[in-house]
Amino acid sequence: LRKPKIVVLGAGYGGLMAVTRLQKMIGVNEADLTLVNKNDYHYETTWLHEASAGTLHHDKARYQVKDVIDNSRVKFVKETVVSIKKDEKKIVLANGELEYDYLVISLGSHPETFGIKGLKEYAFGITNINAARQLREHIEYQFATYNTEEVKRDQRLAIVVGGAGFTGIEFLGELANRVPELCREYDVDHKKVRIICVEAAPTALPGFDPELVEYAVNHLERKGVEFKIGTAIKECVEDGIIVAKDDVMEEIKADTVVWAAGVRGNSIVEEAGFENMRGRVKVDSYLRAPNHEDVFIIGDCSLVINEEINRPYPPTAQIAMQQGITAAKNIAVAVRDQGEMEEFKPDIKGTVASLGEDDAVGMVFGKKVMGTKASFMKKMIDNRALLMVGGAGLVVKKGKFKFF
Ligand code: FAD
Ligand code: NAD
């Protein structure tokens, strides 16, 4: 008898959670299990702002996929997914093809550039290990070069961050801590450095608790970050950006521009022809794509509506991991053709945004937290994610234990 083939695309939060659950739930004789990922490592997307600023070495933010999967149970394929042929139930890889009976798509997100000119060419993103390493090196290079030039170019030391959402704010927190170190290392006067955050909405962290927003903004301003609120980036050019506030245009000269102004689902999902909104597929309550009951879509490629406010849940690792668990259970039901599938109900425990190594703001179980207490919680959340995927051994290897 032919065994069904389960293929999971992407070893991020959603994909790894699904695979590590499936390998325990599904017997060897029940189905073949394959995991496809671009790299032989998993990276903690939620730690990339640290690797990008250079406050955490990128090796701390990644681990080998083979260390957390059961290699006797799961066939790991290190490959880049090129496209999904859903009607033929095939995956096209950079080198080869795969067939599936059940598919989990967990390929994460791509930056949302809203078609803004010049971003793709000139701006950096906080998107993966390669991008983080490149951004860290680029910033350090500007400091290293500043004093070698006869005519000092102050724009070399200007860093623009587009977007004051959680990614932008967390990156600013790390950068504000990294800059004094770079100034010392390269004999640069701190006063020459500018960190400018440009946010289109009328506030930083739109939608977040106003008291926590004020705490975060004050904290970052004290460390030298300038906020341009209600100001939209209109264009990115080779040596800076063009912004607009109330129809007044301004050019800001900067040799480093970081685009952290939102994400959309991986473009592979769109290209596969699934009905989508900004690359995210509105899945049914069992996490299946519409009209494709064999395809489960989780994490940043999926869209789940929060019925209370009739708006999509923001794409988070918290949700991706919970979806991974539900998708695994539902695939087990489908493979066996017995039992009831589980409806996906997100259990949102809260949101904590770090402001550097020892400060943070958050809402946890409906309560506001700030300062070192919030920072401690943030590290516990990071450690918990490691625990859920790789057990205590992974926490010991990669966990965050420097609390104060
Ligand atoms: P990911 O975890 O991003 O994984 C996608 C995987 O797919 C990656 O391993 C990638 O290599 C692989 N992949 C992509 N394309 C291909 C391809 N073509 N072929 C093969 N493999 C491919 N959320 C929170 O809940 N809490 C936080 O504190 C938090 N902090 C964040 C901080 C930052 C700086 C950022 C950028 C995001 C943060 N988020 C946070 C959001 C969170 O990281 C995402 O929602 C989460 O990573 C989504 O999980 P995923 O499994 O969909 O994708
Ligand atoms: P986001 O969409 O949450 O924020 C993007 C910000 O950029 C918004 O405030 C938006 O107004 C602004 N913006 C958009 N266009 C702009 C323009 N042209 N000029 C200036 N500003 C512009 O995106 P994000 O911060 O990348 O977060 C992505 C997802 O990851 C979210 O779901 C977020 O909740 C999650 N995340 C969570 C955490 C955490 O929980 N600690 C940390 C990072 C990210």
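The values are calculated or read from the model by the stated rules, or taken from the named source; none is laboratory data. Quick caveat, the model's predicted, so the values are computed rather than measured. Counting neighbours? That spans all protein chains shown, and the Cβs are built from the backbone with ideal geometry, glycine included.
Per the listing GLU199, GLU174, GLU181, GLU170, the residue uniquely near ligand 2 (Cβ under 9 Å from one of its atoms) and over 18 Å from PHE114 (Cβ atoms) is GLU170.
Yes/no matrix, rows are residues, columns are (1) within 16 Å of ligand 2 (Cβ to nearest atom); (2) loosely packed, with under 14 Cβ neighbours inside 10 Å:
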{"site": "LYS5", "(1), (2)": "no, no"}
{"site": "GLY12", "(1), (2)": "yes, no"}
{"site": "VAL28", "(1), (2)": "no, yes"}
{"site": "LYS60", "(1), (2)": "no, no"}
{"site": "GLU97", "(1), (2)": "no, yes"}
{"site": "VAL104", "(1), (2)": "no, no"}
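Pairs linking a residue in region 128-153 that is over 11 Å from THR256 (Cβ atoms) to a residue that is more than 14 Å from ligand 1 (Cβ to nearest atom) and at pLDDT below 95, with Cβ atoms under 7 Å and 6 or more positions apart or on different chains, are TYR146/LYS152.
Just one residue in the set ALA158, ALA123 is within 16 Å of ligand 2 (Cβ to nearest atom) and not charged (D, E, K, R); that residue is ALA123. Yes or no: region 62-69 includes at least one residue that is part of a helix (DSSP H, G or I), surrounded by fewer than 21 Cβ atoms within 10 Å (Cβ to Cβ) and of a type in the set (Asp, Glu). Yes, that holds for at least one residue.
Given the structure, is ILE305 without any contact (Cβ under 8 Å) to a residue 24 or more places away in the chain, touching a strand residue (DSSP E or B) at 6+ places or on another chain (Cβ under 9 Å), within 15 Å of ligand 2 (Cβ to nearest atom) and more than 30 Å from LEU220 (Cα to Cα)?
yes
Each residue in region 242-277 was checked for being within 26 Å of the chain's Cα centre (by Cα) and surrounded by fewer than 16 Cβ atoms within 10 Å (Cβ to Cβ), and 5 of them qualify.
Looking for something under 30 Å from ILE139 (Cβ atoms), within 16 Å of ligand 1 (Cβ to nearest atom), part of a strand (DSSP E or B) and of a type outside the set (Lys, Arg) - is there at least one such residue anywhere in region 47-58? For region 47-58, residues under 30 Å from ILE139 (Cβ atoms), within 16 Å of ligand 1 (Cβ to nearest atom), part of a strand (DSSP E or B) and of a type outside the set (Lys, Arg): absent. Cβ-Cβ distances below 9 Å connect the following pairs, each with a first residue in region 58-82 that is more than 14 Å from TYR43 (Cβ to Cβ) and at pLDDT 95 or above, a second residue that is crowded, with 19+ Cβ neighbours inside 10 Å and among the small types (Gly, Ala, Ser), and a separation of six or more residues or different chains: ILE69/ALA11; PHE76/ALA11; VAL81/GLY10.
Would you mind finding the one in VAL225, VAL193 that is away from ligand 1 (no atom under 16 Å from the Cβ), crowded, with 20+ Cβ neighbours inside 10 Å and farther than 24 Å from THR113 by Cα?
Unique residue meeting the criteria: VAL193.
So how many residues does region 366-397 have that are more than 15 Å from ligand 2 (Cβ to nearest atom) and farther than 18 Å from GLU174 by Cβ? Give the steps one after another, and end with the answer.
Residues of region 366-397 more than 15 Å from ligand 2 (Cβ to nearest atom): 366-367, 371-373, 386-397.
Checking the rest, the ones that are also farther than 18 Å from GLU174 by Cβ come to 366-367, 373, 386-397.
Qualifying residue count for the region: 15.
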